[in-house]
Amino acid sequence: MSERSFDAVLFDLDGTLIDSAPDLGAAADKMRTDRGMASLPLENYRPMAGSGARGMLGVAFSITPDHPDFPQLREEFFVNYERAMTVRTRAFDGVAELIEQLSRQGLRWGVVTNKSVRFAAPLTAAMPLFATSGALVCGDTTPYAKPHPEPLFEAARRLGVQPGRCFFVGDDERDVMAGRAAGMRTVAATYGYLGDRADTQLWKADASISTPAALLTLIASANSGELLFK
């Protein structure tokens, strides 16, 4: 068997592996209805799902982090979300099959998210998808969060691989920035929350994928010496 060029794949979480927008939006929307305000449709919340509390509260109340009430509202949002993190959250179509194929090929994989361990640990523990994950590095695992490369270095250490032999897949520019800084091959996932909102070409990722399955083609091409990357 020929020697492969890559040993592991690291993924962002929300918007890359899982669609958590329905539960994030519901947590913020409950705050509106608890105050007698009209409910907003999920479509209002979905584009900001990658921005966490800041994005959800911005949609629900047009509030920014510099508002004096923001910390209190943020904690209320956190409590709502914590109580119902897996009601509607699911893996994106094709992700389960992708993870199964990675495992069959003997490739290690893990998660690097800016979500705090308070939420990411119980969420991933509750979903069978993550049973074979070898690393979970959260926004507060190291002193830094993405786009700093340290969380990616930590994930590589936990997987026992060299950073340069990893792919990093994410749906935000900060993911590409972190991956490039860590010396990893970067892949922009465009099938999640982005749609047509962002020009991922401006991120300067090594490649983009519109479906999870397309990652397998990229890995195969890299390990065979073919250059499907730009």
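Bear in mind that the values in this text are calculations on the coordinates, not laboratory data. Here the structure is a predicted model, which is why all the values come from computation and not from measurement. In this analysis, Cβ positions are derived from the backbone assuming ideal geometry, glycine residues included, and neighbour counts consider all displayed protein chains.
What percent does the relative contact order of the chain come to when contacts are Cα pairs within less than 8 Å and at least six residues apart?
Answer for the chain is 23 percent.
How far apart, in nm, are two points set 7 Å out from the Cα along the Cα-to-Cβ line at Thr211 and at Glu97?
According to this spin-label approximation, the distance is 0.7 nm.
With r defined as the distance between the Cβ atoms of Arg32 and Val79 and R0 fixed at 22 Å, what FRET efficiency is calculated, to the nearest 0.05?
0.90
Using 0.36 nm times the number of residues separating Ala121 and Ser5, minus their current alpha carbon distance, what extension gain do you get?
So the extension gain works out to 38.7 nm.
Given the options Met184, Met31, Met56, which has the most mean-square fluctuation in a GNM of the chain, springs set between C-alpha atoms less than 10 angstrom apart?
In this elastic network of the chain, the residue with the biggest mean-square fluctuation among Met184, Met31, Met56 is Met31.
Amide H to amide H, which residues 5 or more places from Ser116 or on other chains are under 5 Å from it, using H placed in the peptide plane?
Gly139
Tell me the mean residue ellipticity at 222 nm calculated for the chain from its helices only (DSSP H runs of n ≥ 4, each -39500 (n - 2.57), averaged over every residue, nearest 500).
-12000 deg cm²/dmol
Quick check: from the Cα gyration tensor, does the range 88-154 come out rounded (a/c under 1.5), prolate or oblate?
oblate
Along the range 98-109, what does the Karplus equation 6.51 cos²θ - 1.76 cosθ + 1.60 (θ = phi - 60°) give for ³J(HN,Hα), rounded to whole Hz, x for Gly and Pro?
4, 4, 4, 5, 4, 5, 5, 7, x, 8, 6, 8
Taking a ≥ b ≥ c as the square roots of the Cα gyration tensor eigenvalues, with a/c under 1.5 meaning rounded and otherwise prolate when a/b beats b/c, else oblate, which class fits the range 21-83?
rounded
Could you order peptides 80-88, 174-182, 34-42, 214-222 by the average number of other Cβ atoms within 10 Å of their residues, highest first?
174-182, 214-222, 80-88, 34-42
Using a Gaussian network model on the chain with a 10 Å cutoff between Cα atoms, which of Phe130, Phe61, Phe153 fluctuates the most?
Result for the chain, Cα springs under 10 Å: Phe61 fluctuates most.
Taking the Cα centre of the range 89-230 as origin and charging only Cβ (+1 Lys, Arg; -1 Asp, Glu), how large is the dipole, in debye to the nearest 20?
Computed charge dipole of the range 89-230: roughly 360 debye.
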